Amino acid sequence: MPSFNYGGQAVLEGVMMRGEHDWAVAVRDPNGHIVVRREPLTAAVYRSKWLKLPFVRGLTSLWDSLGLGLSALVWSADVALEEEEESLSGPLAWGTMALSLGLGVGLFVLLPAFLTGLADRYVASGLVSNLIEGAIRLGLLVGYMAAIGTMPDIRRVFAYHGAEHKTINAYEHGAELTPEAVSAYPREHTRCGTGFLLGVVVIMVVLSTLMGRPSLLVRLATRILLIPVVAGIAYELLKLNARLYEKSAVVRAMAAPGLALQKLTTREPDKRMLEVGIVALKTVLVSEGLLAEGEEGLPGSDVRLAGEQDA
């Protein structure tokens, strides 16, 4: 397995891959070309020793991933929808991300705590109360994933998510980066953010139980305060699971629910989607000297750098 853990995310009609020093996003435009954008990683999280400390690095990596993901998503929308002249970036994009984060916290953190607090008078045990809150949170998360997965556009994004996972799985197992070889690998991955979210739910239950059974207002406040703590722990457990997955049957059993949940957030990609994922990863590998210059493309594929025009 490579010494560095490559990762990424699905975007509109494409895949973003993040390397050790650079990141790249490849998108299939309406004309069928694969358009590629490559940028260096410049955030302090990649340079600061303090921000790489365990439990701290999870928060900084999560925040930086949100920024990279937003940039890649906005750019992919411009390419996929041919809106280069009227970009979706800027304050509108950041405002949308802030609104989405707020809604996510409200729906998946505060709402379960609020509902449980209202029903707390009918529950005798503090442990049961916290388990009910966790069950509501998990139900909302799974229901949300299942519901949005029925939308055609989101199903395509989930298929690109599968292409991202298959490409990374193939690379980590030393396979040739061709659509035929990559297609044989699973569309689930041990470092996926879906597993991270499941870990957040479980860890929130454990920490909430240790804090007892507070009043409704205190319950809501503590759930907000627990978010960075839970995220830091979940990140470390995700990395540990990924590192020990092949070596330990216990770790594989622990990781199984997260891998199963990825059935909701990935779909089987077609060959053209796999091509896009492979081009994104190859672009990063070339920039980091692990592939020769000019090997980003695939036989028969039309790959273009961002800004190039049709002849």
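Quick notes on this structure:
- The spacing between segment 159-196 and segment 234-259, judged by their C-alpha centroids, is 17 Å.
- Estimated FRET transfer efficiency when R0 is 51 angstrom, pair ALA147-ALA292 (beta carbons, to 0.05): 0.70
- Of all DSSP beta bridges in the chain, antiparallel share, percent nearest 5: 85 percent
- For segment 7-305, the Cβ-based charge dipole about the Cα centre amounts to some 1600 debye (Lys, Arg positive; Asp, Glu negative; other atoms uncharged).
- Of LYS239/LYS282; LYS239/LYS271; LYS52/LYS263, those spanning more than 26 Å from alpha-carbon to alpha-carbon: LYS239/LYS271; LYS52/LYS263
- By average C-beta atoms within 10 angstrom, highest first, the peptides 131-143, 102-114, 271-283: 271-283, 131-143, 102-114
- Rounded tilt (10° steps) of 91-105 against the dominant C-alpha axis of the chain: 40 degrees
- The angle between the Cα long axis of helix 126-148 and the longest principal axis of the Cα atoms of the chain comes to about 30 degrees, rounded to the nearest 10.
- Ranked by the mean number of other Cβ atoms within 10 Å of their residues, highest first, the peptides 199-208, 49-58 fall in the order 199-208, 49-58.
- For peptides 27-35, 245-253, sequence by mean Cβ density within 10 Å, most packed first: 27-35, 245-253
- From the C-alpha gyration tensor of the chain, square roots of 5λ in Å: 36, 21, 18
- Per-residue [θ]222 nm for the chain (sum of -39500 (n - 2.57) over DSSP H runs n ≥ 4, rounded to 500): -19000 deg cm²/dmol
- Placing unit charges on the Cβ atoms of the charged side chains and taking the dipole of segment 7-305 about its Cα centre, the candidate lying farthest along the positive direction among THR209, LEU111, GLY294 is THR209.
Every read-out reported here was derived from the displayed coordinates using simple, explicitly stated rules and does not represent laboratory data. Just so you know, these numbers come straight off a predicted model, no measurement behind them. We place every Cβ from the backbone using ideal geometry, glycine too, and count neighbours over all the protein chains shown.
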